[in-house]
Amino acid sequence: MPEAITTWLGPDEWQAVWLSLRVAFWATLVSLPLGIFVAYALARWEFPGKQVLNGLVHMPLILPPVVTGYLLLITLGRRGSVGQFLEEWFGIVVAFRWTGAAIAAGVMAFPLMVRAIRLAVEAVDPKLEAAAATLGASKPWVFATVTLPLILPGVIAGAILAFAKAIGEFGATITFVSNIPGETRTIPSAIYAFLQVPGGQEAAGRLVIVAIIIAMAALILSEFIARRVAKRVSGS
């Protein structure tokens, strides 16, 4: 990495950038299998409570992020019903940890991921899946060999959009895991912290530029990869 770039950001700023990338990566990776499953269920299945599930999935887009963070805190915090169980039985603590930041970011990004993948599933002709099933293929095999390759551009686009959203998540994260330097201080939290101290505007401005670059790069990469994959699928 060129020296001019490495010296442009201070140690605290680089720490926030790398932590944001780490949080966003794990938030996207862990939530992707569930996102594919939920998107497919909403697009293809009819079951009691489908609209309730759809509402819960999209709730983080509607609720104030602080409310989502508070709900995570009272659920997964050390005194929360699930958090207390995890700590007592497995020694797992996520509140005020970077793993908690990844959970908060994943929850906030999940609706965007599901929506992108669901639209891709709905664009697949069900007759193609039915034809494979008539040849004796099981449902998991039909999904793996027919549906998944066709929806792959949507999966990639959803994952990258979720990654970009996770990078910029602030309200739920700071409510759930606070703003701890080196542990939970991501780019948005660092910008907020720098703006609270005299002379911190320059550091905040640099991080704003970094956030814009990462977001734009993610969007461009999403479009590029989705188009490349779509061409390969259509040509195969």
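Look at (1) modelled with pLDDT under 90; (2) under 26 Å from the mean Cα position of the chain (by Cα); (3) of a type outside the set (Phe, Trp, Tyr) and you find that Ala132 fails only one, number (2). Exactly one residue out of Ile174, Ile212 is free of Cβ contacts under 8 Å to residues at least 12 places away in the same chain, over 30 Å from Glu46 (Cβ atoms) and either in contact with an Asp or Glu (Cβ under 8 Å, 6 or more places away or on another chain) or in a helix (DSSP H, G or I) (or both): that is Ile212. For the structure I just gave you, tell me whether Gly100 is surrounded by fewer than 16 Cβ atoms within 10 Å (Cβ to Cβ) and either in contact with a His (Cβ under 7 Å, 6 or more places away or on another chain) or within 22 Å of Arg22 (Cβ to Cβ) (or both). No; evaluated as a whole, the condition is false for this residue. Just so you know, in the stretch 31-86 the residues that are touching a residue at least 60 places away in the same chain (Cβ under 8 Å) and among the β-branched types (Val, Ile, Thr) include one that is most open to solvent (accessible area, probe 1.4 Å), and it is Val66. Checking each residue in the stretch 9-30 for being open to solvent by 30 Å² or more (accessible area, probe 1.4 Å) and either closer than 19 Å to Ala204 by Cβ or not in a helix (DSSP H, G or I) (or both) picks out Pro11, Asp12, Trp14, Gln15, Trp18, Leu21. Among the residues of the stretch 118-149, the ones that are open to solvent by 70 Å² or more (accessible area, probe 1.4 Å) and in a helix (DSSP H, G or I) come to 9 in all.
Checked against the criterion of being modelled with pLDDT of 90 or more, within 17 Å of the chain's Cα centre (by Cα) and aliphatic (A, V, I, L, M), the candidates Ile187, Ile180 yield just one match: Ile187.
Before we move on, is Phe163 within 25 Å of the chain's Cα centre (by Cα), of a type outside the set (Lys, Arg), part of a helix (DSSP H, G or I) and farther than 23 Å from Asn54 by Cα? Answer is no for this residue.
The values are calculated or read from the model by the stated rules, or taken from the named source; none is laboratory data. Quick caveat: nothing in here was measured; it's all calculated off a predicted structure. We place every Cβ from the backbone using ideal geometry, glycine too, and count neighbours over all the protein chains shown. The accessibility values were calculated without ligands, DNA or RNA, using every heavy atom of the protein model including side chains. Shrake-Rupley method; radii C 1.70, N 1.55, O 1.52, S 1.80 Å.
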